[in-house]
Amino acid sequence: MKTVSFKTLGCRLNQYETDALVTQFHQAGYQVVEGGKGTDIAVINTCTVTNQSDHKSRTTINHAIRNNPGGLVVVTGCMANNHKERLEANEKITYVVDNERKSQIVTLVDAHLKGEVVHPENLSGDVFGFETVDKSLHTRTSIKVQDGCDNFCTYCIVPSVRGRAVSRPLKQITENVRKVLENGFKEIVITGVNIGRYAYQGFTIEDVIEEILELPEDFRVRISSLEPDGFGPDFHRLFQHPKMAPHLHLCLQSGSDPILLKMRRMYTVRSFMEIIETFRKQMPDFNFTTDVIVGFPGESEEDFRQTVSIVEEARFTHVHTFRYSRRKGTRADRMEGQLPEKLKTERGEVIRRISENNRMAYMKSMLGESQRVLIEKVDRDGEAHGYGEHYLPVVFESGSMITNRFQEVGLHDVIESDPPVLKGSVIRQDRS
Amino acid sequence: MNVQVENSLFVTEKVRILTPSAYVLRFSRNDMEFSPGQHLVLGLPGSDELREYSIYSGAGDPYLEVLIKEVDEGMVSRQLRYLRPGGKIEVKGPHGFFMGNATSSKPHRLYFIASGTGIAPFHSFVKSHPGSDYQLIHGIRTIDEAYDAADYDQERLVTCTSRDNRGSFEGRLTDYLRETEIDPEGMFYLCGNSQMIYDAMEILLQQGIPDRQLFTEVYF
């Protein structure tokens, strides 16, 4: 049996696509191995969103080449789109497969092993052509509803590497959800590059979510990440549904209006905060996380101070902080006022500390409350680990619990580890 | 849904000089469909240097046009000026959502607020929807920069000139906004440099216009 290993960099969408490839290879009779040394096939699903991502992707590719002498090395993902010619010039890489054809990698490898010569560009492109992820991998799975982005934020390379926004037919989405629920998944994550831009035959992202919530099984729904301009004024009402997890990763990027304009973001700080307030009016303990870019060209001390202020005010429990990274071909790359890396690092550190404080305060505010935890694993000490509906990690004595089950857990402590974890105990047997 | 034409070569029809530093580049339509407010990314074929320009022509015109300001240090804006009829251009797009909801905002008045060549998407909109209820407020230095002013209903056009007194309002467009009564139910579309947009938004927000009625497209 041929062996195959995978390495994934970057976003949740990339992770989902790797999981789907793992399933496809497994179903095609390959043995999927972890670690990736000496395998017959090594697949590297790359990222190119920042210089750091490029560096990590290059390093991972080089490791795969060194660790798999004589094996096939397949490079895919956003770096394969952004630096295609450079990668193709590397003779040690067998195939460079762009995002459009990523779902066809099994076909490509099969053909290669049969001695057929197939150029990746001759494969058909289908960004939604991935197999339903097998339950053995995780307790939650992503449902890809959309790909690509047309926003053209001035710092972002994604429209160039993921292409124009395309939406998956609604019927395909609900079929996919039905299938993963039949497979036993209890939690699905609606994902895409810019899911707020979902538009298919007049249906919006709200329609997609409503359709999914109509399904009768016991499961819950998360949204992977969302742009603040990507939904209508009644979006928050969807979260009144018991299947909707009360958590959103709502991308802020900056707390300064002049910087948001220069980023070509299509909202103001005030309109962003109105969204937060609307949600918290409905659910005071709603959990928000976000993305912030520090050190965007021209970001002054005052601009940064405003970002700090918003991160504090919005009480984000996690801030994915990016140091602004110049990407060739983007408008921001040509802007004046590029800032030194040292300053970006310092600003990133300030945001990180605030978000940690926010997270600890939020976790402490949950003590005495209960969470419906989806058990992801039970360790050797008999402790069950999982996430509650607010997307906080919870650990509790499992008894005879098994994974992939919901469990109502009372929270009574915060373990101040890195990252911190809520400690709880079973308050009711959940039969789901 | 728009027909999307990617990475295609288009053919120059003509370059129409408006001022010593501004011109309109007209080129083949190649069946491209677009909505007013969308922009194209263009440059010379094979070049890595491409720039974004809002579409200036109307949705019904048999050609595409963009309004270009030649930038002193600019590369692409200078190259494109010297294109001859028949010359090839690489064009990507159309992109953007800037005025996507403008046609559905009836019965509310549309306010188009532009600085300099930021008038381009509004020119496209007015040519595409000539019967619209709009007011165009154009901030320019001198009246010479009132590009193709005759194409607009003169009663709906306010030229705010900051360096001469030949406009319909002498001063910056932000001064005009502060001094003018506006329809609080109106929809406001702002296009131009980021400082103008930021200042104008501040004024409109202070006047009680909610964020949801403001739409921006920044030029750099």
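Just a few scattered comments:
- Single unsatisfied condition, A:MET360 versus (1) in a strand (DSSP E or B); (2) surrounded by fewer than 16 Cβ atoms within 10 Å (Cβ to Cβ): (1)
- Per-region count, the range A:25-60, residues of a type in the set (A, V, I, L, M) and not in a loop (DSSP other than H, G, I, E, B): 5
- Failed item in (1) β-branched (Val, Ile, Thr); (2) in a helix (DSSP H, G or I); (3) under 18 Å from A:MET79 (Cβ atoms), with A:VAL22 passing the rest: (3)
- Top-ranked residue of the range A:291-338 - restricted to ones that are within 25 Å of B:TYR219 (Cα to Cα) and of a type in the set (Ser, Thr, Tyr), ranked as nearest to the other protein chains (Cβ to nearest Cβ): A:THR330
- For B:PRO130: the one exception among (1) touching an Asp or Glu at 6+ places or on another chain (Cβ under 9 Å); (2) part of a loop (DSSP other than H, G, I, E, B); (3) surrounded by 15 or more Cβ atoms within 10 Å (Cβ to Cβ): (3)
- Helices (runs of 4 or more DSSP H) wholly inside the range A:154-217 that include at least 2 residues being farther than 28 Å from A:GLU376 by Cβ and in contact with a Leu (Cβ under 8 Å, 6 or more places away or on another chain): A:205-213
- For the range A:218-240, the tally of residues that are surrounded by 15 or more Cβ atoms within 10 Å (Cβ to Cβ) and assigned to a loop (DSSP other than H, G, I, E, B) stands at 8.
- Members of the range A:260-299 that are over 19 Å from A:SER355 (Cβ atoms) and either free of Cβ contacts under 8 Å to residues at least 24 places away in the same chain or assigned to a helix (DSSP H, G or I) (or both): A:LEU260, A:LEU261, A:LYS262, A:THR268, A:ARG270, A:SER271, A:GLU274, A:GLU277, A:THR278, A:LYS281, A:GLN282, A:PRO284
- The condition (being surrounded by fewer than 21 Cβ atoms within 10 Å (Cβ to Cβ), out of contact with any Gly (no Cβ under 9 Å at 6 or more places or on another chain), more than 30 Å from B:ASP48 (Cα to Cα) and in contact (Cβ under 8 Å) with a residue 40 or more places away in the chain) is satisfied by just one residue among A:GLN31, A:GLN27: A:GLN27.
- Here A:PRO284 fits the description: away from chain B (no Cβ under 13 Å) and either surrounded by fewer than 19 Cβ atoms within 10 Å (Cβ to Cβ) or more than 20 Å from A:TYR387 (Cβ to Cβ) (or both).
Okay, residues lined up against (1) surrounded by fewer than 22 Cβ atoms within 10 Å (Cβ to Cβ); (2) hydroxyl-bearing (Ser, Thr, Tyr):
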{"residue": "A:VAL4", "(1), (2)": "no, no"}
{"residue": "A:GLY10", "(1), (2)": "yes, no"}
{"residue": "A:ASN14", "(1), (2)": "yes, no"}
{"residue": "A:ASP19", "(1), (2)": "yes, no"}
{"residue": "A:THR46", "(1), (2)": "no, yes"}
{"residue": "A:ASP54", "(1), (2)": "yes, no"}
{"residue": "A:MET79", "(1), (2)": "no, no"}
{"residue": "A:ARG86", "(1), (2)": "yes, no"}
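- Of all residues in the range A:367-381, those that are among the basic types (Lys, Arg) have Cβ atoms under 9 Å from Cβ atoms of residues that are part of a strand (DSSP E or B), 6 or more apart or on another chain, in A:ARG372/A:ARG220; A:ARG372/A:PHE406; A:ARG372/A:GLN407; A:ARG372/A:GLU408; A:ARG372/A:VAL409; A:LYS377/A:ALA384; A:LYS377/A:HIS385; A:LYS377/A:GLY386.
- Residue that is farthest from B:LEU40 (Cα to Cα) [pool: residues in the range B:84-107 that are crowded, with 19+ Cβ neighbours inside 10 Å, more than 14 Å from chain A (Cβ to nearest Cβ) and at pLDDT 85 or above]: B:ILE89
- Restricting the range A:242-259 to residues that are more than 22 Å from A:TYR391 (Cβ to Cβ) and either touching a residue at least 60 places away in the same chain (Cβ under 8 Å) or assigned to a helix (DSSP H, G or I) (or both), the residue that is farthest from the other protein chains (Cβ to nearest Cβ): A:ILE259
Residue by residue, here is whether (1) within 20 Å of A:THR141 (Cα to Cα); (2) of a type in the set (A, V, I, L, M); (3) buried (at least 20 other Cβ atoms within 10 Å of the Cβ); (4) at pLDDT below 95 holds:
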| position | (1), (2), (3), (4) |
| --- | --- |
| A:GLU346 | no, no, no, no |
| A:VAL350 | no, yes, no, no |
| A:LEU367 | no, yes, no, no |
| A:ASP381 | no, no, no, yes |
| A:GLY386 | yes, no, yes, no |
| A:LEU392 | yes, yes, yes, no |
| A:VAL409 | no, yes, yes, no |
| A:ILE427 | no, yes, no, yes |
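- Residues satisfying the stated conditions in the range B:24-51, i.e. among the aliphatic types (A, V, I, L, M), crowded, with 18+ Cβ neighbours inside 10 Å and outside any strand (DSSP E or B): B:MET32
- The set of residues in the range B:196-220 being of a type in the set (A, V, I, L, M) and either more than 8 Å from every other protein chain (Cβ to nearest Cβ) or surrounded by fewer than 19 Cβ atoms within 10 Å (Cβ to Cβ) (or both) consists of B:MET196, B:ALA200, B:ILE203, B:LEU204, B:LEU205, B:ILE209.
- Single residue of the range B:169-195 satisfying the filter (part of a strand (DSSP E or B) and without any contact (Cβ under 8 Å) to a residue 60 or more places away in the chain) that is surrounded by the most Cβ atoms within 10 Å (Cβ to Cβ): B:PHE169
- Extreme residue, farthest from B:SER54 (Cα to Cα), among residues of the range A:149-187 that are of a type in the set (Ser, Thr, Tyr), within 12 Å of another protein chain (Cβ to nearest Cβ) and surrounded by 21 or more Cβ atoms within 10 Å (Cβ to Cβ): A:SER167
- Evaluating B:LEU50 against the criteria (1) within 16 Å of the chain's Cα centre (by Cα); (2) aliphatic (A, V, I, L, M); (3) within 14 Å of chain A (Cβ to nearest Cβ) leaves one unmet condition, (1).
- Top-ranked residue in the range A:66-77 [being in contact with a Gly (Cβ under 9 Å, 6 or more places away or on another chain) and buried (at least 19 other Cβ atoms within 10 Å of the Cβ); ranked as modelled with the highest pLDDT]: A:GLY77
- Residue within the range A:225-234 that is under 18 Å from A:THR191 (Cα atoms), in contact (Cβ under 8 Å) with a residue 24 or more places away in the chain, more than 14 Å from every other protein chain (Cβ to nearest Cβ) and not basic (Lys, Arg) present: yes
Quick grid of which residues meet (1) under 30 Å from A:GLU336 (Cβ atoms); (2) of a type in the set (A, V, I, L, M); (3) touching a Cys at 6+ places or on another chain (Cβ under 6 Å):
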position	(1), (2), (3)
A:ASN151	yes, no, no
A:ILE157	yes, yes, no
A:ARG164	yes, no, no
A:PRO169	no, no, no
A:ARG178	no, no, no
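The values are calculated or read from the model by the stated rules, or taken from the named source; none is laboratory data. From a predicted model like this one, the values you see are computed outputs, not experimental measurements. Because the Cβ atoms are built from the backbone with ideal geometry, glycine has one as well, and the counts that use them run over all protein chains shown.
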